[in-house]
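Q: Questions regarding the structure given below will be posed in turn.
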Amino acid sequence: MLLVFLMGVFLFTEQGHAGVVDDTLSNAKKQGKVVMLEIGSVGCIPCDKMKPVMEKLSTNYKDKLEVLFIDIRYDKESPRRFGVTVIPTQVFLDKTGKEFHRHIGFYDYEEITPVLKKAGL
């Protein structure tokens, strides 16, 4: 079972893990949204501290930003795909799906907003 944090809600799915990520990225691209991938694990303290940040981003950038939490315990392919070896890692993708920023560790809301501004949000 894959645990995915999407738009302030935890989604559980039996679907293929990479398939959920691919579908979310594809939909975000079609809608012209920037994507923030939060790659971590429930129970990891800095990862858990990111939850309120992700919720605030999802609320404040509702129609412009897709926030996706990928739990490495359930999805081992996506971290490899994005070259993630340390958690938490935030990967930001522009409206075309191209990575434009990456951060490792806890990332405060006030530090993220300038990154989103550079992306036109």
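Q: Can you spot a residue in the range 49-62 that is in contact (Cβ under 8 Å) with a residue 60 or more places away in the chain and among the charged types (D, E, K, R)?
A: Within the range 49-62 (the criterion being in contact (Cβ under 8 Å) with a residue 60 or more places away in the chain and among the charged types (D, E, K, R)), the answer is no, since none of the residues qualifies.
Q: Which of (1) assigned to a helix (DSSP H, G or I); (2) at pLDDT 90 or above is the odd one out, the single condition Gly43 does not satisfy?
A: The one condition Gly43 does not meet is (1).
Q: Now, a different point. Looking at Leu25, is it modelled with pLDDT of 95 or more and out of contact with any His (no Cβ under 8 Å at 6 or more places or on another chain)?
A: no
Q: Return the total of residues in the range 27-52 being aliphatic (A, V, I, L, M) and in contact with an Asp or Glu (Cβ under 7 Å, 6 or more places away or on another chain).
A: Looking only at that region, the number is 5.
Q: Could you tell me whether Leu6 is closer than 20 Å to His101 by Cα, hydrophobic (A, V, I, L, M, F, W, C), modelled with pLDDT under 90 and touching a helix residue (DSSP H, G or I) at 6+ places or on another chain (Cβ under 9 Å)?
A: Answer is yes for this residue.
Q: Now a separate question. Between Lys51, Lys56, Lys62, which is among the basic types (Lys, Arg) and touching a helix residue (DSSP H, G or I) at 6+ places or on another chain (Cβ under 8 Å)?
A: Unique residue meeting the criteria: Lys56.
Q: Right, here's the next one. Restricting to the range 28-74, name every residue that is crowded, with 20+ Cβ neighbours inside 10 Å, closer than 22 Å to Asp94 by Cβ and of a type in the set (Asp, Glu).
A: Answer for the range 28-74, where residues must be crowded, with 20+ Cβ neighbours inside 10 Å, closer than 22 Å to Asp94 by Cβ and of a type in the set (Asp, Glu): Glu38, Glu66.
Q: Does the range 9-18 include one or more residues that are closer than 20 Å to Phe100 by Cβ, at pLDDT below 95 and out of contact with any Phe, Trp or Tyr (no Cβ under 8 Å at 6 or more places or on another chain)?
A: No, the conditions are met nowhere in the range 9-18.
Q: Please work out which residue is surrounded by the most Cβ atoms within 10 Å (Cβ to Cβ), limiting yourself to the range 99-115 and to residues that are within 23 Å of Asn27 (Cβ to Cβ) and more than 13 Å from the chain's Cα centre (by Cα).
A: Filtering the range 99-115 for residues that are within 23 Å of Asn27 (Cβ to Cβ) and more than 13 Å from the chain's Cα centre (by Cα), the one surrounded by the most Cβ atoms within 10 Å (Cβ to Cβ) comes out as Val115.
Q: Same structure, new question: Step by step: first the residues of the range 85-98, then only those that are over 25 Å from Gly32 (Cβ atoms) and of a type outside the set (Ser, Thr, Tyr), then the one that is surrounded by the most Cβ atoms within 10 Å (Cβ to Cβ). Which residue is that?
A: It comes out as Pro88.
The values are calculated or read from the model by the stated rules, or taken from the named source; none is laboratory data. Please read all numbers here as calculations on a predicted model, not as lab measurements. Here the Cβ is made from the backbone with ideal geometry for all residues, glycine too, and neighbour counts use every protein chain on show.
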